[in-house]
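Worksheet: one structure, shown below.
The values are calculated or read from the model by the stated rules, or taken from the named source; none is laboratory data. Given the structure is predicted, the values throughout are model-derived calculations rather than measurements. Here the Cβ is made from the backbone with ideal geometry for all residues, glycine too, and neighbour counts use every protein chain on show. Side chains included, ligands, DNA and RNA excluded: accessible areas come from the protein's heavy atoms. Shrake-Rupley method; radii C 1.70, N 1.55, O 1.52, S 1.80 Å.
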Amino acid sequence: NTIYAGTGSGHLLEFDLVEGICLSRRKIHDTVLSCLSFGQGLVVTGSWDRLAKAIDPKTGDEVAVYDSAKNPFGGNHRITSVTMGRDWLYCGSADSRIRLYDVGSARCLHELSDHTGAILSMKVHGDNMFSAGNDMVIRQWDTGTMTCQHVFRGHKDAVRCLAISEGGVMFSGSFDRT
């Protein structure tokens, strides 16, 4: 019965869905909290401050910090999308790359660089991770081999959001209004 929202000032808001009231407001980032996700019992946030953070929703404690400046692949760009897998935190960024962080150690261990524009949305489903962005395509990645398995084309503008049903049906929304 709880929903979380990020703000342009870097705050994480927690709302009670039944009562419709804000339960907490925590300063998490120094600038825009641009994306958030939920996985492994944690709320994960991403920001223009180039950090992703894992927050324990029960205590509000910061569990881990994933710093895009401390990765072996270079780059230090705004985080534009986050999603949690079984073993990885996926951080999409404005430089068109997806960096994979080990959830436990917060170390960046892998990078996916097939997109040609900012990463705007990612979702994990089974053994696959789907990513979408400014390059107008959706990519399907095998989470075991970290290879792109398929590229879905059809949108005429940036793909802004992805959702996948429990049955495996994927939905996408684009700035092309489809």
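Annotations for the structure displayed:
- When each of the peptides 119-127, 167-175, 136-144 is scored by the mean number of other C-beta atoms lying within 10 Å of its residues, the order from highest to lowest reads 119-127, 136-144, 167-175.
- Accessible area expressed per residue, segment 31-87, with surrounding protein chains retained (probe 1.4 Å, Å²): 46
- Carbon/sulfur fraction of accessible area - segment 1-91, other protein chains in place, 1.4 Å, %: 50
- Two-decimal Rg/Rh across segment 45-121, once Rg and the Kirkwood Rh are taken from alpha-carbon atoms: 0.95
- The simple spin-label model puts a point 7 Å past each Cα toward its Cβ; for residue 105 and residue 16 those points are separated by 4.3 nm.
- Mean silhouette area of segment 86-137, derived from the convex hull of its C-alpha atoms and averaged over all directions, reads 3.5 nm².
- Principal axis box of segment 1-153, alpha-carbon based, largest edge first, Å: 44, 30, 28
- 25 °C / 0.890 mPa s Stokes-Einstein diffusion coefficient of segment 103-178, Kirkwood radius on C-alpha pairs, µm²/s: 189
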